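Worksheet: one structure, shown below.
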Number of protein chains: 2
Amino acid sequence: MKKKTTIHDISKALKINSSTVSRALNNSPRVSQKTKDLIQKKAVELGYQKNILASNLRTNKTNTIGIIVPRISRNFFSSVISGIEETAYRAGYNVVIGQSLESLEREQELVSTLLSNRVDGLLISVSMGTTNYNHLSNFKTNGGPIVFFDRPMTMPNIPSITIDDYEASYNATQHLIENGCKNIVHFSGFQKIELYKRRMQGYVAALTDNNIPVRPEYILESQLSEADGIELAKKVISLPKVDGIYSSNDTAAISAMQYFKKNGLKIPDDIAIVGFNNDSISAVIEPGLTTVNQPDVEMGIIASSLLIELIKKTIESPSEHSKTLGTELIIRQSSQKS
Amino acid sequence: MKKKTTIHDISKALKINSSTVSRALNNSPRVSQKTKDLIQKKAVELGYQKNILASNLRTNKTNTIGIIVPRISRNFFSSVISGIEETAYRAGYNVVIGQSLESLEREQELVSTLLSNRVDGLLISVSMGTTNYNHLSNFKTNGGPIVFFDRPMTMPNIPSITIDDYEASYNATQHLIENGCKNIVHFSGFQKIELYKRRMQGYVAALTDNNIPVRPEYILESQLSEADGIELAKKVISLPKVDGIYSSNDTAAISAMQYFKKNGLKIPDDIAIVGFNNDSISAVIEPGLTTVNQPDVEMGIIASSLLIELIKKTIESPSEHSKTLGTELIIRQSSQKS
DNA sequence: CTGTTAGCGCGTTCAC
DNA sequence: GTGAACGCGCTAACAG
């Protein structure tokens, strides 16, 4: 690794002061086009490459945005990240990524390292374990802007990009009901998470509006992991006459379906899933499966666009910038019940 | 954003030289425990937080590793990334990610920005368009170590973590043959990529070893995208008596299967897929589907462990460090042909 | 063990 | 429009 050429090298070579070189290279209007060209040329000639570390130190900015998600390999998140990276790339930002693995502790550590690494902003989908936001407000005051996505937190002045969970949930449940289901189990998630709370509310509202009693034993709360899916499937079997499932997430639902299949058990006639990632699991074309697709890539694009905007001009009241994206109810040859 | 406290602040407050403070905070053995404690305490008291940017500039290291993949949202890659992040996190490294979108140009730019951002090492799965490795050898000489994964390049002294594509491919094809298939189409990828070349070779070898003629019109090369899958499906239909498909990748194969289903067409009796990501698409349990599962997360773990090792002690002949991971042939209730 | 000195490479004052 | 000088915060090198 040979020594890099610095602005001083081209400063010496040209007998022009290094500050002028710096200005020229940053295309400052205070340098004449003539010397700019001269410097530009010499820079190329010497194979100059700006040392961003030094620049970062001086300006205290890094042109980098941090992302924290519960787990990168989850389809939904990897799609969001893909969208984020794409727009960040275009705007000249790098992305550094961390996964909380649904642990508050780990999330705190990640936020802390991102903070000390001076990322310019943070995109985060909080972990299931996140019950307080001290680490986040700390980032906000000492670091930069934050934008929530998918899983919002109730936190003042921080925008969030989400889908309308209530509506999506309501629609999915309503669809099952219209299809003749009367005993609908709900796979739900940790209720401290806004998202799952809202989805539960949508489910309950749909039942209520259709004069179907809400039975607590039909609401199964879990972490919605693959392993949980199997447990959920077992519970469903133990319940009498379940004819429909509405799941708050795809992983658990699919895992449950697999369990039914594998063991030759009867699968409920109709199943609806919110938060289904169509792109990656598109092979699953089951009759009687309804999915509410989330605009995953789009969510990434919008979230990072907003964040970058916030970074550039520290906007005063960003609370207005929250956005709710539409979803798409997709019905797969759903067998109309008699 | 108020002014941060620096080592000089605690240097002044304690009347201890700032270098000693620095050493103490870095837990250097050359500082007495007594003064360490003193400094530690004061640091906490003043709310000191190390400015990593300054440290990075001075040491010319960033404790960050770069990852470049064709597309983040692809299941296989997101799983690998997940594994990478996990081990990097444990080793105290950050990860920054870029996606090449199968474009050489973009890959070059990404490598360049990672280089100027002084990442300590690079993990890369090259894009389909990558036909030369100037940008990579440039990174190697001016940046740090590189480790290839999944898609190796023939490049001197750079280790790569891959599966045994030849063997995996041979086994998959052999399995189809044993199941009675005689007219096996191969969905293949861009032949400049080692991976696809090797898989093609495995396919050819299996046929040859079984005295089945290799027919060029049965080898369908494409980019293996979802859209390509449909084109491939159409081609399969136009071919006489295809009774098996061996695909080099899941996306195209699944897309093709969907096309068959959607249009009520006959699906070849047996299908084998290499590079299938079981975790994410586990819902697809089709009889007559054989998949060769790749150890995706494990690949990430191994690749990043190796890279970090290389970063720490610039090992002299890393070419020996290439590693081939085992795969797992998974047969789904494959209907034995009569 | 601790202090002194001298940068890392760049951006940004201020002068002129 | 350009130059001189300084500082961002930290650490390496050399003293002692």
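Label-to-label distance for B:Lys182 and B:Ser18 is 8.3 nm, based on points extended 7 Å past Cα in the beta-carbon direction.
Here the 3J(HN,Hα) profile of segment A:295-310, calculated from phi with Karplus coefficients 6.51, -1.76 and 1.60 at θ = phi - 60°, is x, 5, 4, 4, 4, x, 4, 5, 4, 6, 4, 4, 4, 4, 4, 5 Hz, Gly and Pro shown as x. If R0 is 51 Å, the Cβ-Cβ spacing of B:Thr131 and B:Asn263 corresponds to a FRET efficiency of close to 0.90.
Taking amide hydrogens as placed 1.01 Å from N in the peptide plane, the amide H of A:Gly275 sits under 5 Å from those of A:Val292, A:Gln294, each at least 5 positions away in sequence or on another chain.
Please tell me the relative contact order of segment A:30-147 in percent, rounded to the nearest whole number, where contacts are Cα pairs under 8 Å and at least six residues apart.
Result for segment A:30-147 is 28 percent.
Label-to-label distance for A:Ile330 and B:Lys34 is 7.1 nm, based on points extended 7 Å past Cα in the beta-carbon direction. Shape of segment B:69-165 from its Cα gyration tensor (a ≥ b ≥ c, root eigenvalues): rounded if a/c is under 1.5, otherwise prolate when a/b > b/c, or oblate? Because its axes are fairly even, with a/c under 1.5, segment B:69-165 counts as rounded.
An oblate overall shape is assigned to the protein assembly as shown, the ratio a/c of its alpha-carbon gyration tensor axes (a ≥ b ≥ c) being 1.5 or greater and a/b not exceeding b/c.
For the peptides A:62-72, A:9-19, residues were scored by their other Cβ atoms within 10 Å and the scores averaged per peptide; the highest-first order is A:62-72, A:9-19. Using the Cβ-Cβ distance between B:Asn142 and A:Leu239 with R0 = 56 Å, the FRET efficiency computed as 1/(1 + (r/R0)^6) comes to roughly 0.30. In the protein assembly as shown, the DSSP beta bridges split such that about 15 percent are antiparallel, to the nearest 5. Shown in residue order for segment A:257-264 are the 3J(HN,Hα) couplings computed by the Karplus curve 6.51 cos²θ - 1.76 cosθ + 1.60 at θ = phi - 60°: 4, 4, 4, 4, 4, 4, 9, x Hz (x for Gly and Pro). Computed extension gain for B:Glu309 through B:Lys323, at 0.36 nm per residue and net of the alpha carbon distance, reaches 3.6 nm.
For the pairs A:Lys140/A:Lys192; A:Lys4/B:Lys50; B:Lys235/B:Lys262, flag any whose C-alpha to C-alpha distance is greater than 18 Å.
Details: A:Lys140/A:Lys192 22 Å; A:Lys4/B:Lys50 26 Å; B:Lys235/B:Lys262 16 Å.
Distance filter (> 18 Å) returns A:Lys140/A:Lys192; A:Lys4/B:Lys50.
Residues whose amide H comes within less than 5 Å of that of A:Glu221, counting only those at least five positions distant or on another chain, are A:Ser188 (H built at 1.01 Å from N in the peptide plane). Each part gets one Cα centre, and for segment B:111-184 versus segment A:1-60 those centres are 36 Å apart. Shown for B:Val31, B:Val292: other C-beta atoms within 10 Å of each C-beta, ranked fewest to most, produce the order B:Val31, B:Val292. Label separation (B:Ile230 vs A:Asn60): 5.3 nm, computed from points 7 Å beyond Cα along the C-beta direction.
Read-outs throughout are calculated quantities, based only on the coordinates presented, and are distinct from any laboratory measurement. The model shown is predicted, which means the values in this text are computed figures rather than measured ones. Virtual Cβ from ideal backbone geometry, glycine too; neighbours counted across all protein chains shown.
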